[in-house]
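What follows is a short report on a single structure.
Please treat every number below as a calculation from the coordinates, not as lab data. Only a predicted model underlies this, so the values are computations on that prediction, with no experimental measurement involved. So basically every Cβ, Gly included, is an ideal-geometry build from the backbone, and we count neighbours across all protein chains shown.
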Amino acid sequence: MNVKCGNSAFTGLAGGSVDLVITDPPYMDNVHYSELADFFHAWLKGIEPFDGYPVGWSSTRQAGEVQSDSALEFGTAIGHVWSEMSRVLKPSGLLAFTFHQARIEGWVELMVALRNAGFIVSGLIPIKAELSVGAPKSGAAKPSNLDSVVVCRHR
């Protein structure tokens, strides 16, 4: 199987062909992945680490990114991803992901998006989050000290 980068709302995989999806989606506004990716992209485009590396891109940011300060925009974007995961998972398939979000509206949008994609949460495991000195926590007004592993099945 090929691994590719791109918009997870459009995988190109056959419907009902996947047993398990494990992912670590963006946490709404907590982690700015695109800024970190662009930091490394500045050097990577100079060395072209693999054939087809996007050397002509000035940024790794792309339309459809699941990252926004707006809970509603986050919910819409992650909803497209969950719908695609629902489409490609077999009826007995599982979706498992981690989520770290202190703002309740992030959780609400996440759960609404899962429900709209046809999932139910069948397991939720809280785990100790990163150290309190981590950048996302030290910059947050109300940081959370828990991550959650969320396991979902088709409804």
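Worth pointing out:
- Segments 50-56, 74-80, 90-96 sorted - mean Cβ within 10 Å per residue, highest first: 74-80, 90-96, 50-56
- Amide H contacts of SER122 (H built 1.01 Å from N, under 5 Å, at least 5 apart or other chain): VAL151, CYS152, ARG153
- Between PHE40 and GLU105, the distance separating the two model label sites (each 7 Å from Cα on the Cα→Cβ line) works out to 3.1 nm.
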